[in-house]
Amino acid sequence: MLLIEKKVIAKLLGIQYLIKKEKLIYNLVQIIGNSAKKFPLKEAFRYLDESITYSDLDIKTNQLASHLLSLDVKKGDRVGVLMHRCLETSIAIYGILKSGAAYVPIDPFVPNERVKFLINDCGIKHLVTTPKQEKKIKKILIDDFCLFNVVGISKNNVVNSVSWEDIYQISLKKYKAINILAEDLAYILYTSGSTGTPKGIMHTHYSGLAFAKLVVDLYDFKPTDKVVNIAPLHFDVSLLGYFSAPLSSATTVIVSDAHLKFPTSLAQLMEKEQLTIWYSVPLVLIQLLLKGGIENKDFSSLRWVLFAGEVFVTKQLKALMQLWTNTEFSNIYGPTELNQCTYYNLSEPPKNDNPIPIGTTWKNTEYKILDSKDEEVEHGKEGLLVVRSATMMKGYWNNTPLTESSLYKEKIAPGFEYIYYRTGDLVKLNKNNELLFLGRKDRQIKFRGYRIEIDEIENILIKNEAVIEVAVVLTESSNNKEKELSATVLLHKDMHISLEDLKTHCKKHLPIYAVPTNILILKTFPRTSSGKIDRKKIEKIIENA
């Protein structure tokens with residue numbers, strides 16, 4: 001008996017010792033080293049039939065960091081990442097972070113002029129890429145001389161370059177990890193909107209790690225989880241797969257561009273990989289629902305479906321939840337400036353087709369709802385959502401005026417204030433103290449003397465059973481140059497409805513001044529690279545129709 005007690009005590013002391021020895025993680029680069037010690041042979045990332053273990057990822061990211069440091073990369077420098085979805089993205093991100101620099105993802109599908117703008121605006125001298133992007137980079141380099149070094153392509157006469165094979169041959173005998181603080185710059189995400197000048201959103205190791213930790217805590221990530229990553233690097237949805245999953249020592253499955261083009265292929269991949277956690281924009285889930293043939297596939301491993309980026313039409317969410325009955329769903333809300341700030345979990349399908357709440361703030365976060373005078377509104381009244389959180393950005397790159405105008409500051413004491421981010425979103429609280437998203441402040445328009453909510457019109461149209469998706473915009477009449485409300489819709493392929501019937505549907509639920517003058521049926525919507533509806537292109541489609 002005494003021997004058993006001694007063994008139990010020794011075991012408890014051992015656990016206590018391990019807890020004490022658990023390394024404090026205060027920056028993003030420590031995530032990989034920590035998981036490599038715990039699970040060296042475990043798959044960290046998978047892409048198609050390729051994978052990389054935590055141990056190999058730790059070594060290869062050190063090799064990339066060593067190379068960047070040899071090029072005199074310093075803390076705070078910006079290193080570009082121009083890559084399609086592939087296994088090397090994980091090496092690029094953590095290798096850059098280990099060098100002390102911040103990574104700046106660049107969408108490889110945008111025009112060359114946009115790439116040049118980002119390189120020059122952010123002062124990018126070093127770029128990490130793959131051979132697949134070599135032609136694009138050569139075209140950029142013809143006119144652009146800001147780039148000094150490129151990692152990931154063969155040697156050429158235009159710029160200093162080194163291949164991935166050469167990176168993996170670098171000796172680490174003299175490599176020394178640099179000291180990275182929580183407040184150091186970690187990444188800059190440029191908005192992908194098609195209007196105006198792109199703005200770079202700066203996040204630190206502190207804000208990025210705060211997001212990763214809060215996700216792991218809220219959704220109980222485990223080392224046994226297999227987490228899907230569908231989003232490209234320049235879209236903040238990717239942060240969950242690249243930071244939260246490795247923090248919990250889970251495996252991230254990077255989905256290829258090819259799989260995303262064919263919902264049936266994506267559904268097959270989901271079943272094959274036995275994914276446990278899903279995170280994407282609603283569009284991908286809607287395509288799976290409508291075209292993926294998911295009814296007869298085994299998704300029993302899937303325990304969480306997280307979605308963000310746009311409103312998930314309730315009737316479609318309900319239909320998906322009725323198929324995946326053993327899966328919990330979560331509506332995630334938060335602009336890129338905050339990474340994420342609220343959530344609303346659903347364990348069973350909604351009882352009606354009303355828009356679901358964006359819920360409540362997660363830990364280490366609080367909010368206010370303000371009127372036009374920056375005063376808090378009464379409970380249940382509409383107002384602007386402002387949020388302060390550990391996950392909040394540092395500011396906009398090279399744009400102090402924009403940073404200042406985006407903040408709401410509450411003075412607490414002389415020299416001390418609470419700083420909130422103005423989301424630009426209109427919300428109100430329901431009876432359960434849950435936040436309801438009402439639309440963008442900049443989508444609240446004055447039309448013919450009336451204040452109109454664009455989102456309200458879209459919500460009415462989407463309630464028609466024939467309609468899958470809607471985009472309402474304000475366009476200019478070709479006849480008299482006056483403004484008109486115009487709507488574009490996508491319809492179920494097996495349902496038919498006339499434009500007149502759609503107008504009648506609107507007239508039943510909307511005041512006459514809010515009924516769209518024009519309704520256009522499209523076969524597909526133009527999208528931004530993050531999957532959101534490109535409303536500027538829709539305006540042009542309507543004006544040219």
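What's the number of the condition Leu185 fails, among (1) farther than 11 Å from Gly80 by Cβ; (2) surrounded by fewer than 18 Cβ atoms within 10 Å (Cβ to Cβ)?
All conditions pass for Leu185, except number (2).
Would you be able to tell me the number of residues in segment 489-523 that are part of a loop (DSSP other than H, G, I, E, B), polar (S, T, N, Q) and touching a strand residue (DSSP E or B) at 6+ places or on another chain (Cβ under 7 Å)?
1
Tally time: how many residues in segment 295-318 are of a type outside the set (D, E, K, R) and modelled with pLDDT under 95?
8
Yes or no: segment 37-53 includes at least one residue that is crowded, with 21+ Cβ neighbours inside 10 Å, assigned to a helix (DSSP H, G or I) and either on the phi < 0 side of the Ramachandran plot or modelled with pLDDT of 95 or more (or both).
no
Select from segment 310-346 the residues that are small (Gly, Ala, Ser) and either touching a helix residue (DSSP H, G or I) at 6+ places or on another chain (Cβ under 7 Å) or surrounded by fewer than 22 Cβ atoms within 10 Å (Cβ to Cβ) (or both) and write down the one among them that is farthest from Lys291 (Cα to Cα).
Ser330
Is it true that some residue in segment 161-172 is in contact with a His (Cβ under 7 Å, 6 or more places away or on another chain), closer than 16 Å to Lys74 by Cα and at pLDDT 90 or above?
No, segment 161-172 contains no residue that is in contact with a His (Cβ under 7 Å, 6 or more places away or on another chain), closer than 16 Å to Lys74 by Cα and at pLDDT 90 or above.
Please state which of the following conditions Gly196 fails to meet, knowing it meets all the rest: (1) crowded, with 21+ Cβ neighbours inside 10 Å; (2) closer than 18 Å to Ser530 by Cβ; (3) at pLDDT below 95; (4) not basic (Lys, Arg).
Of everything listed in (1) crowded, with 21+ Cβ neighbours inside 10 Å; (2) closer than 18 Å to Ser530 by Cβ; (3) at pLDDT below 95; (4) not basic (Lys, Arg), Gly196 misses just condition (1).
Evaluate the following for Ala212: is it part of a loop (DSSP other than H, G, I, E, B), crowded, with 24+ Cβ neighbours inside 10 Å, touching a helix residue (DSSP H, G or I) at 6+ places or on another chain (Cβ under 6 Å) and touching a residue at least 40 places away in the same chain (Cβ under 8 Å)?
Here the answer is no, as Ala212 does not meet what is asked.
Taking the condition outside the structural domain of Ser529 (by TED's automatic domain parsing), in contact with a strand residue (DSSP E or B) (Cβ under 9 Å, 6 or more places away or on another chain) and either polar (S, T, N, Q) or within 24 Å of Glu183 (Cβ to Cβ) (or both), does Ala101 pass?
So Ala101 fits the description; yes.
For Lys351, which of the numbered conditions (1) part of a loop (DSSP other than H, G, I, E, B); (2) of a type in the set (Lys, Arg); (3) at pLDDT 95 or above fails to hold?
(3)
With Lys135, Lys173, Lys139 as the choices, which residue is without any contact (Cβ under 8 Å) to a residue 12 or more places away in the chain and either closer than 18 Å to Met83 by Cα or aliphatic (A, V, I, L, M) (or both)?
Among Lys135, Lys173, Lys139, only Lys135 is without any contact (Cβ under 8 Å) to a residue 12 or more places away in the chain and either closer than 18 Å to Met83 by Cα or aliphatic (A, V, I, L, M) (or both).
Filter segment 357-378 for residues that are in contact with a Phe, Trp or Tyr (Cβ under 8 Å, 6 or more places away or on another chain), closer than 19 Å to Gly424 by Cα and among the hydrophobic types (A, V, I, L, M, F, W, C) and give the result.
If the condition is that a residue be in contact with a Phe, Trp or Tyr (Cβ under 8 Å, 6 or more places away or on another chain), closer than 19 Å to Gly424 by Cα and among the hydrophobic types (A, V, I, L, M, F, W, C), then Ile358, Leu370 are the ones that fit.
For Ile356, only one of the following conditions fails: (1) within 23 Å of Gly241 (Cα to Cα); (2) crowded, with 16+ Cβ neighbours inside 10 Å. What is its number?
(1)
Test of understanding: among Ser154, Ser249, which residue is more than 30 Å from Asn331 (Cα to Cα), of a type in the set (Ser, Thr, Tyr) and in a loop (DSSP other than H, G, I, E, B)?
Checking each option against the conditions leaves just Ser154.
What are the residues in segment 390-423 that are free of Cβ contacts under 8 Å to residues at least 40 places away in the same chain and of a type in the set (Ser, Thr, Tyr), if any?
Across segment 390-423, the qualifying residues are Thr400, Thr403, Ser405, Tyr418.
Can we say Asn27 is part of a helix (DSSP H, G or I) and either outside the structural domain of Gln169 (by TED's automatic domain parsing) or surrounded by fewer than 21 Cβ atoms within 10 Å (Cβ to Cβ) (or both)?
Criteria not met by Asn27.
I'd like to check something: does segment 506-516 contain any residue that is within 30 Å of Asp257 (Cα to Cα), aromatic (Phe, Trp, Tyr) and not assigned by TED's automatic domain parsing to the domain that holds Phe235?
No.
What number of residues in segment 111-148 are buried (at least 19 other Cβ atoms within 10 Å of the Cβ) and outside any helix (DSSP H, G or I)?
Residues meeting the conditions: 8.
Rundown of residues vs (1) farther than 16 Å from Leu338 by Cβ; (2) without any contact (Cβ under 8 Å) to a residue 60 or more places away in the chain, yes/no style:
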{"site": "Ile369", "(1), (2)": "no, no"}
{"site": "Glu382", "(1), (2)": "yes, yes"}
{"site": "Arg388", "(1), (2)": "no, yes"}
{"site": "Asn430", "(1), (2)": "yes, no"}
{"site": "Asn433", "(1), (2)": "yes, no"}
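Kindly indicate whether Gly334 is farther than 19 Å from Leu429 by Cα and small (Gly, Ala, Ser).
No; evaluated as a whole, the condition is false for this residue.
Among the numbered conditions (1) without any contact (Cβ under 8 Å) to a residue 60 or more places away in the chain; (2) farther than 30 Å from His205 by Cβ; (3) surrounded by 14 or more Cβ atoms within 10 Å (Cβ to Cβ); (4) in contact with a strand residue (DSSP E or B) (Cβ under 8 Å, 6 or more places away or on another chain), tell me where Pro349 comes up short.
Condition (4) is where Pro349 drops out.
The values are calculated or read from the model by the stated rules, or taken from the named source; none is laboratory data. All values reported here derive from a predicted model rather than from experimental measurement. Heads up, the Cβs are rebuilt from the backbone with ideal geometry, glycines too, and the neighbour counts pull from every protein chain shown.
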